[in-house]
1. Just to check your reading of the model, which residue among 257, 252 is closer than 30 Å to residue 215 by Cβ, buried (at least 19 other Cβ atoms within 10 Å of the Cβ), among the aliphatic types (A, V, I, L, M) and at pLDDT 95 or above?
2. Residue 163 is checked against (1) among the aliphatic types (A, V, I, L, M); (2) crowded, with 21+ Cβ neighbours inside 10 Å; (3) farther than 28 Å from residue 304 by Cβ and fails just one. What number does that condition carry?
3. Can you tell me which residues in segment 189-205 are of a type outside the set (D, E, K, R), assigned to a loop (DSSP other than H, G, I, E, B) and buried (at least 20 other Cβ atoms within 10 Å of the Cβ)?
4. Tell me, yes or no, whether segment 220-231 has at least one residue that is within 19 Å of the chain's Cα centre (by Cα) and basic (Lys, Arg).
5. Of 270, 302, which residue is modelled with pLDDT of 95 or more, surrounded by fewer than 19 Cβ atoms within 10 Å (Cβ to Cβ) and farther than 24 Å from residue 175 by Cα?
6. Is it the case that residue 175 is over 27 Å from the mean Cα position of the chain (by Cα) and either on the phi < 0 side of the Ramachandran plot or at pLDDT below 85 (or both)?
7. Looking at residue 71 and the list (1) surrounded by fewer than 18 Cβ atoms within 10 Å (Cβ to Cβ); (2) among the hydrophobic types (A, V, I, L, M, F, W, C); (3) modelled with pLDDT of 65 or more; (4) not in a helix (DSSP H, G or I), which single condition is not satisfied?
8. Check whether at least one residue in segment 312-319 is at pLDDT below 90 and either over 22 Å from the mean Cα position of the chain (by Cα) or over 11 Å from residue 142 (Cβ atoms) (or both), and report yes or no.
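The values are calculated or read from the model by the stated rules, or taken from the named source; none is laboratory data. As the structure is a prediction and not an experimental result, all values here were calculated from the model. Cβ placement follows ideal geometry from the backbone for every residue including glycine, while neighbour counts extend to all protein chains displayed.
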Amino acid sequence: MIRSLVFVSLMMCSTSVIFSLAQAQESYNIPSWVKSNAQWWAQGQVGDSDFIKGMQYLIQNGIMKTPQAQASSSLSNHIPIWIKNNAGWWASGVISDDDFVKGMQFLVAKNIIHLETDIIQTQQSQNVTVPPSSRYPLHQNITTTKFWIGEEPNSSNRYISNVPSAWDDKWEIHYGGIDDPNNRIGYLPAAFTPKENPFYFGLAYNDFGNGHRKPEAFDIVYWSHEKTWERSESMLKNHWIKITKGDKTAYAQWEDAGKGGDDSAYVFGSARPANPNNNHSGLDVSPAVNDYLGLHGMGATSWQFVNFADVPDGPWKQIVTTSQTYWGQ
């Protein structure tokens, strides 16, 4: 409550405009990714433009109404640092949605910040507004290891079979065979042409448990509110990431939940990987990704979620996986 009062007091400095906290608070349907974006911005993980894009989204979708800007002789060309502090408090739940939205409305009205309302293009849907890929945080210096479809349990993979995946009990069959890392033609297995994308990866979070979607997934997954999901449809399977090592960048699709358990604080947050093995390995990549980046089985990379619309042409788009969950139907 003290920080809430400080927040409003700072906004009211040198003005006669007064907001009453005693008024009934409005209810705002703010997507979780916007609040996560604000937290990353407050922590310095994303830039000012990414925070502004989140505010633009609220305006474009009628969640936040912006008042007519007033003339001001103290127009600032940058966002005051105290706004960043307030964004962090809001993301942490110290400031309510109502107080934060009213505060942003005040800043726009006083020309302290500008929120242009240009339309943000959608990804693949005609009716869904998809925020830009730049809103996703960059995970840097992550130990990355190689795995492959059809890999049998052994000491190097903690005796976890990669014949099935977290979302497909017949992963090897649906892929077309074993993605042999030692017998290849270019980025493909030499024995067959895959039916699914050979550029794939695994991360340590699964939105399903025992065949049912985890309730917390809607609060954790950044894009969970961007469409209506079928009951058995994974929010994660087939999503893309950008992976960089040095001057090389590859793109890949999410096809397994990895070997590090349910590590949402890392995958959808700012924590380091919790996996204690292989120098806290946080990303598994396919032989194709491994070879493209020159990882030689294990190395450090940086990765970031991206929208399909932001994936450039390359060998990773020659075969694109579209299949969904399969649990022995």
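1. 252
2. (2)
3. The answer is 194, 197, 198, 199, 203, 204, 205.
4. The first filter runs over segment 220-231 and keeps only residues within 19 Å of the chain's Cα centre (by Cα), leaving 220-229.
Right, trim to basic (Lys, Arg) and you get 227.
Yes, segment 220-231 contains at least one residue that is within 19 Å of the chain's Cα centre (by Cα) and basic (Lys, Arg).
5. Details: 270 fails: modelled with pLDDT of 95 or more.
On inspection, the qualifying residue turns out to be 302.
6. no
7. Condition (3) is where residue 71 drops out.
8. Checked against the condition, which is being at pLDDT below 90 and either over 22 Å from the mean Cα position of the chain (by Cα) or over 11 Å from residue 142 (Cβ atoms) (or both), segment 312-319 yields no hits at all.
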